[in-house]
């Protein structure tokens with residue numbers, strides 16, 4: 001008869017050998033406590049639209065794999081210090097990708113580890129059934145990790161691991177093996193509200209809840225015009241936002257590194273102006289391996305334009321004019337005209353008005369707004 005207790009110990013030992021930093025086991029019971037939270041979350045309009053919309057799928061593992069008897073949760077820490085990072089200075093302004101997007105796409109990183117773990121389990125239990133999920137799966141990675149004892153959910157909505165902090169990629173594996181579950185970690189943020197207080201847009205609404213519609217991380221990934229009230233908030237962020245993790249006291253002194261998470265300072269903190277007219281091929285070749293490239297170049301270019309407006313970078317005006325006149329995408333043209341107005345104001349009024357009559361209504365709105373509503 002298979003010794004599940006020993007198998008669990010062996011799996012844990014093997015997991016550490018293949019670059020998994022934390023591992024826990026839980027049951028395949030439905031996440032009943034999560035269901036009402038998700039119902040309320042959607043009712044309040046907090047959802048980003050990137051999540052699985054079927055709440056039953058999100059809370060019941062058996063709907064994904066009827067034979068599941070346990071869930072193995074894993075966490076891999078990622079670095080949050082960029083050694084040799086280039087400086088952003090006047091005349092040479094740079095943007096920033098969030099830390100979760102540093103190195104190779106984390107879906108690939110996690111999938112490789114889960115595949116290795118699955119292969120090992122298969123050698124021990126040949127007839128096992130398994131299903132792995134990373135971020136794009138239907139289950140809540142955070143709910144699984146929390147119940148499996150990897151950490152507790154902080155006020156910033158992230159799972160806080162005792163050794164890794166919040167700087168973790170999460171994933172899980174559904175298995176048809178009845179492992180003994182681990183106990184959840186009993187801890188909390190106490191009276192600390194620093195992440196809620198420091199969130200640039202007030203997206204953190206308390207007790208780990210997030211209004212995705214106000215979250216800079218979500219906003220940087222949208223493809224349309226960025227709402228006016230958030231343009232002054234994103235700074236030089238091209239993808240994602242790390243503020244609520246950077247200020248978290250539980251993250252002090254933590255910086256996990258792995259050989260397969262290779263940091264490229266010039267790519268992770270790129271010059272803004274060269275991004276503006278980059279071709280699809282150039283973008284894919286340069287940034288395609290990053291998780292932050294998953295939505296394509298359009299949001300990144302829009303954010304780069306807004307960042308230049310944030311810096312009031314006058315040296316970018318010639319390039320912004322090229323984009324405003326020649327880019328085939330109305331949203332990019334409109335944002336470029338807006339940025340020109342924000343940076344140069346009355347100095348470029350003649351240029352903007354000269355092209356006003358030839359533009360679409362949506363672009364005209366941005367042209368006028370750029371001159372009238374300077375941040």
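Each reported figure results from applying straightforward, stated rules to the coordinates on display, with no laboratory input. Here the structure is a predicted model, which means the values were calculated and not measured. Backbone-built Cβ (ideal geometry, glycine too); neighbour counts: all protein chains shown.
Working note: Cα gyration tensor of the range 248-375, eigenvalues times five, square-rooted, sorted largest first, giving semi-axes of 33, 17, 12 Å.
A compact globular protein would have a Cα radius of gyration near 2.2 N^0.38 Å; the ratio found for the range 117-220 is 1.29. Full extension of the chain segment joining residue 43 with residue 228 gains 64.2 nm, where the gain is 0.36 nm per residue of separation less the Cα-Cα distance.
From the coordinates of this entry, Cα extents along the principal axes in Å is computed, and it appears in (i) 98, 51, 42; (ii) 66, 44, 39; (iii) 83, 41, 37 under the label (iii).
Considering only alpha-carbon pairs that sit under 8 angstrom and 6 or more positions apart, the relative contact order computed for the range 14-98 is 41 percent. To the nearest Å, what is the center-to-center distance of the range 159-224 and the range 309-375, using C-alpha atoms only? Each part reduced to its Cα centre gives a spacing of 38 Å. Relative to its Kirkwood radius, the Cα radius of gyration of the range 165-297 gives an Rg/Rh of 1.01. For the range 262-368, the relative contact order works out to 23 percent when only alpha carbon pairs closer than 8 Å and six or more residues apart are counted.
Kindly work out what percent of the DSSP beta bridges joining two residues of the chain are antiparallel, to the nearest 5. Rounded to the nearest five, the antiparallel share is 95 percent.
For the range 17-58, the spread of Cα positions along the three principal axes, ordered from largest to smallest, is 43, 23, 14 Å.
At an R0 of 35 angstrom, the distance between the Cβ atoms of residue 52 and residue 89 translates into a FRET efficiency of 0.20.
Kindly express, to the nearest 10 degrees and within the range 0 to 90, the angle between helix 32-43's C-alpha long axis and the longest C-alpha principal axis of the chain. The helix 32-43 is inclined about 20 degrees to the chain. Packing around the peptides 121-128, 242-249, 37-44, taken as the average count of other Cβ atoms within 10 Å per residue, puts them in this order, highest first: 242-249, 37-44, 121-128. Compared with the dominant principal axis of the Cα atoms in the chain, helix 361-372 is inclined by about 70°. The angle between the Cα long axis of helix 297-311 and the main principal axis of the chain comes to about 60°, on a 0 to 90 degree scale.
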